[in-house]
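Engineer: Just dropping this structure here.
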Amino acid sequence: MSDSSINLRSLFSFPDPAATTPPSNQWQEFQSRIGREIKTIEWPAAMPDLASKIGELFNVGLPDLLVVSWKKAGELQDALEESRQSPEEVIFLELAEHVITSEHHPFIEIRIGGVLLPKKIQFTVALSATLKGVVLRIKGGEIVEIQAGSCEFDGKVKYEDLTIAEKKVGPLKLLGVSVSTIAKQKQEPGPIK
């Protein structure tokens with residue numbers, strides 16, 4: 001992983017709407033189920049491409065998810081505070097081998113004419129990352145780069161009782177991975193109109 005282009009979408013191999021390769025059986029089953037569930041919705045215009053909207057939910061970089069988890073660590077909080085006090089100074093923080101586990105629940109709400117419909121497409125994303133030899137570059141009170149280390153990744157995405165993706169990869173090299181502003185902002189889901 002030598003750049004920040006590795007995101008959950010690519011790690012889980014979710015299909016690109018423009019790709020010519022056929023999607024996995026799990027993805028096809030998911031699309032079929034969603035199609036049946038939203039068939040009863042009376043759309044005022046053409047139904048939006050839900051597959052591309054769902055793919056957008058997973059365009060979150062792996063480094064950004066790691067940063068969100070790390071920000072809870074006491075030693076890192078101290079380094080971030082020190083960095084806020086001297087915003088031009090760069091601090092390097094080495095982290096011991098550790099495992100980060102997290103669960104996320106991205107979702108899409110369907111709204112027509114601003115009215116929320118009873119259908120909410122929600123996923124459960126379970127992630128585990130084993131990190132070794134990680135060095136963080138901190139400046140201005142923020143983690144700006146992961147400068148070294150490796151990561152073994154294990155994850156699963158479910159829609160209700162259907163597993164639509166599972167992946168185990170690694171070790172991935174973490175060399176010079178910049179951290180985007182996604183981790184610095186609170187993410188708010190947007191409605192599909």
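Engineer: Between Glu29 and Ser128, what length comes free when the chain is fully extended (0.36 nm per residue of separation minus the Cα-Cα distance, one decimal in nm)?
Structural biologist: So the chain would gain 33.1 nm between Glu29 and Ser128.
Engineer: Please list 3J(HN,Hα) in residue order for the range 85-101, calculated via the Karplus relation 6.51 cos²θ - 1.76 cosθ + 1.60 where θ = phi - 60°; whole Hz, with x for glycine and proline.
Structural biologist: Taking θ as phi minus 60°, the curve returns 5, 10, x, 8, 7, 9, 10, 10, 10, 8, 10, 5, 4, 7, 10, 10, 10 Hz for the range 85-101.
Engineer: Related question: Just how much of Val90 is accessible, in Å², when a 1.4 Å probe is used and the result is rounded to the nearest 10?
Structural biologist: Counting only protein heavy atoms, Val90 exposes about 50 Å² to solvent.
Engineer: Which entries of Lys53/Lys132; Lys119/Lys156; Lys39/Lys168; Lys120/Lys168 show an alpha-carbon separation above 31 angstrom in the structure shown?
Structural biologist: Among Lys53/Lys132; Lys119/Lys156; Lys39/Lys168; Lys120/Lys168, the Cα-Cα distance tops 31 Å for Lys53/Lys132; Lys39/Lys168.
Engineer: Still on this structure, please answer the following. Excluding residues on the same chain fewer than 8 positions from Lys158, give the aspartates and glutamates whose Cα lies under 14 Å from its Cα.
Structural biologist: Straight-line reach from Lys158, under 14 Å: Glu29, Glu103, Glu166.
The values are calculated or read from the model by the stated rules, or taken from the named source; none is laboratory data. Source: prediction; values computed, not measured. Just the protein is used for accessible areas: all its heavy atoms, side chains included, with ligands, DNA and RNA removed. Shrake-Rupley method; radii C 1.70, N 1.55, O 1.52, S 1.80 Å.
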